[in-house]
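First comes the structure, then the notes that go with it.
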Amino acid sequence: MLQQNNDNDLFDAEPAKNQDLSFEKLKKQAQTKNVTFNIRALHLLQSPNIYNNTAFLVSDQNTVTSKVAIFQGTDVMIFKDKREISGPITTQIDELLYFIDLNNHTRVEITGKPQHHEIKDFPNEAIREALVNAFTHRDYLLHSPIKVEIFDDRIEILSPGGIPDGLTLADIKGGMTAARNLHLIHVLDKLNYIENYGTGISRIYAAYKGTDQQPHFEVYPNSFKVILPNINWHSAQNNATSFHFINNEQAVLSFLADSGRSTRKDIQLKLGTGPYQTRRILRKLIGKGKIKQTGHFVNPEYEIS
């Protein structure tokens, strides 16, 4: 349980109510990142032998959770999947990034050159920055969890707590930083979750550079929402298609980019085409050098060249 203080900007330095803490998961994460685990160096103590609230948040005993949901379409009417993520917030960040990546599909763009151009639905850099920022700058005295919602056309990441220090969204976009959870920021920085502190918004914008989409930010008194548009979905809509890919050849390339290797039957089911048309598409892609056939000739598999 978190120790509450009237000044929520200082809460992470206050002593935690639960002092019976362990850090086995955090130690393993530090080891995999070649970071020395040291309680004092990570600023997990409020005073000698007294853990602070930051220590509680990154401990195995942390009770603050986050939620992720996938919806069918562009509204919240139909759930496809939903999960509650628990554990140290560093573990939650890793699990959420992994879960989002599983649902971050790839479109392969045919450029006419030997190299194919792969485009993710959502830039990985934007996802990482938005998610880490949500945990870094949230108000942990508010009981609402961080929520990640994945729609066909966007990802929304909602973090409890408005912008502190009386700053505005324009101030943040201009490069000003709001001081909240400085001890937690120190831990995440030491464990390489944060790059160039104070540049998160700029990095999210930069991740969308060269696309026709831009991230959006919504600020409320008690929450901050980041909306990341799906580049491929909007591109498909702009080209008047109902599918994520411009044509069947790109659909095959994108399917193989996600699956790694597939049979003709699997590709046929994915496209919704007949055997003859599917074989013709595959032969055309092989002739262009975009894919190659592997395995036994009776039931071959296909993969990107």
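The values are calculated or read from the model by the stated rules, or taken from the named source; none is laboratory data. Because the structure is predicted, anything quoted here is derived from the model rather than measured. In this analysis, Cβ positions are derived from the backbone assuming ideal geometry, glycine residues included, and neighbour counts consider all displayed protein chains.
Okay, here's what the table says:
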{"read-out": "Condition met for Leu167 (surrounded by fewer than 19 Cβ atoms within 10 Å (Cβ to Cβ) and without any contact (Cβ under 8 Å) to a residue 24 or more places away in the chain)", "value": "yes"}
{"read-out": "Some residue of segment 79-96 being more than 18 Å from the chain's Cα centre (by Cα), outside any loop (DSSP other than H, G, I, E, B), over 20 Å from Thr136 (Cβ atoms) and acidic (Asp, Glu)", "value": "no"}
{"read-out": "Verdict on Ala30 being out of contact with any Gly (no Cβ under 7 Å at 6 or more places or on another chain) and either assigned to a helix (DSSP H, G or I) or closer than 12 Å to Thr90 by Cβ (or both)", "value": "yes"}
{"read-out": "Of residues in segment 107-124 being in a loop (DSSP other than H, G, I, E, B), modelled with pLDDT of 85 or more and of a type outside the set (A, V, I, L, M, F, W, C), the one farthest from Pro160 (Cα to Cα)", "value": "Asp121"}
{"read-out": "Unique residue being among the β-branched types (Val, Ile, Thr), part of a loop (DSSP other than H, G, I, E, B), more than 22 Å from Asp189 (Cβ to Cβ) and over 21 Å from the mean Cα position of the chain (by Cα) when the list is Thr36, Thr74, Thr63", "value": "Thr63"}
{"read-out": "Meets criteria (out of contact with any Ser or Thr (no Cβ under 7 Å at 6 or more places or on another chain) and modelled with pLDDT under 95) for Gly87", "value": "no"}
{"read-out": "The lone exception for Asn104 - which of (1) of a type in the set (S, T, N, Q); (2) in a loop (DSSP other than H, G, I, E, B); (3) over 25 Å from Trp233 (Cβ atoms) it fails", "value": "(3)"}
{"read-out": "Set Ile78, Ile127: member being of a type in the set (Val, Ile, Thr), farther than 30 Å from Gly287 by Cα and at pLDDT below 95", "value": "Ile78"}
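One line per residue, one yes/no per condition, for (1) of a type in the set (A, V, I, L, M); (2) in contact with a Pro (Cβ under 6 Å, 6 or more places away or on another chain); (3) in contact (Cβ under 8 Å) with a residue 60 or more places away in the chain; (4) over 20 Å from Ile119 (Cα atoms):
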{"residue": "Glu249", "(1), (2), (3), (4)": "no, no, yes, no"}
{"residue": "Asp258", "(1), (2), (3), (4)": "no, no, yes, no"}
{"residue": "Lys270", "(1), (2), (3), (4)": "no, no, no, no"}
{"residue": "Thr273", "(1), (2), (3), (4)": "no, no, no, yes"}
{"residue": "Lys284", "(1), (2), (3), (4)": "no, no, no, yes"}
{"residue": "Gly289", "(1), (2), (3), (4)": "no, no, yes, no"}
{"residue": "Gln293", "(1), (2), (3), (4)": "no, yes, no, yes"}
{"residue": "His296", "(1), (2), (3), (4)": "no, no, no, yes"}
{"residue": "Pro300", "(1), (2), (3), (4)": "no, no, no, yes"}
